[in-house]
Amino acid sequence: MSAIFSALSLLSTFPAAVNVLLGYQAGELIGLTNNHRRVAGKLLIIGAATSVLGLIWNPFFPINKLLWTSSYVLFSVGTGLILLALLIWIIDVKKIKGWIQPFLVYGMNPLFIYVLSELWVLVLIHLINFTIDGRRINGYECLYQNVFVAIGG
């Protein structure tokens, strides 16, 4: 059984690498131009197109993060590019920068962000509990059911 999981881990490395390469290409696009409005527009169009492609591909090859399916890569890259376009629009085009200081400080250390995300999951699972319809669920399941399923289906 562990051989199957090892094979799946190896196979999921390729889509993860594609995700990284597409992110690198987005960074190159941002770095090669000074016209923030045009970059935000391009990223928005590319992000919307890849998200839609991921959703179209989903019925045939389901979006699955654990396996890093190609539909997951398309959808996650697309939503990431849309978010990046929105942030470029707000920060660089509209010049609304007062709220970004904490992100600049903590964003300089990605290891800190990773550890913080893992701690947040532990808090959601072990410390935050809800009773919904007489059933006790943790915060992680509640977030999944009431936010992510509601948004993503």
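Compute the accessible area per residue over the chain, keeping the other protein chains in place, probe 1.4 Å, unit Å².
In whole numbers, the chain has 73 Å² accessible per residue.
When log10 I(q)/I(0) by the Debye sum over Cα atoms at q = 0.13, 0.15, 0.19 Å⁻¹ is calculated directly from the model, which label among (1) -0.85, -1.09, -1.35; (2) -0.68, -0.88, -1.26; (3) -0.60, -0.80, -1.31 fits?
(1)
For the chain, find the longest principal axis of its Cα atoms and tell me its angle to the long axis of helix 2-31, 0 to 90°, nearest 10.
20 degrees
Using the Cα centre of segment 18-153 as the reference point, and only Cβ charges (+1 on K/R, -1 on D/E), how large is the resulting charge dipole? Debye, rounded to the nearest 20.
On the way: 9 positive and 5 negative charges, 82 e Å.
Computed about the Cα centre, the dipole is about 400 debye.
Starting from the Cα of K42, draw a straight line to each of the aspartates and glutamates and keep only those under 20 Å, dropping any in the same chain fewer than 8 residues away.
Cross-link targets: E28, D92.
Note down the nm distance, to one decimal, between modelled labels 7 Å out along Cα→Cβ at A150 and at D133.
1.5 nm
For labels at V93 and H126 in the simple 7 Å Cα→Cβ model, what's the distance in nm?
That separation, rounded to one decimal, is 4.4 nm.
Once the piece of chain linking L66 and V52 is laid out straight, how much longer is it, given 0.36 nm per residue of separation minus the C-alpha distance between them?
3.0 nm
For Cα pairs less than 8 Å apart in space and 6+ apart in sequence, what is the mean separation divided by the residue count of segment 11-153, i.e. the relative contact order in percent? Walk me through the intermediate numbers first.
Values: 123 pairs, mean separation 26.6, N = 143.
Contact order relative to length: 19 percent.
Given the rule -39500 (n - 2.57) for each run of at least 4 DSSP H residues, summed and divided by the residues of the chain, what is its mean residue ellipticity at 222 nm, to the nearest 500 deg cm²/dmol?
Values: 7 runs with 104 residues, N = 153.
Helices in the chain give a 222 nm mean residue ellipticity of -22000 deg cm²/dmol.
Select from A85, A16, A40 the residue whose mean-square fluctuation is largest in a Gaussian network model of the chain (Cα-Cα springs shorter than 10 Å).
So, out of A85, A16, A40, the one fluctuating most is A16.
Once both axes come from the Cα atoms, what is the angle between helix 70-88 and the longest principal axis of the chain, in degrees from 0 to 90, rounded to 10?
50 degrees
The values are calculated or read from the model by the stated rules, or taken from the named source; none is laboratory data. Predicted, not measured: the structure shown is a model, and the values here were computed from it. Please note: Cβ atoms are built from the backbone with ideal geometry, for glycine as well, and neighbour counts cover all protein chains shown. The accessibility values were calculated without ligands, DNA or RNA, using every heavy atom of the protein model including side chains. Shrake-Rupley method; radii C 1.70, N 1.55, O 1.52, S 1.80 Å.
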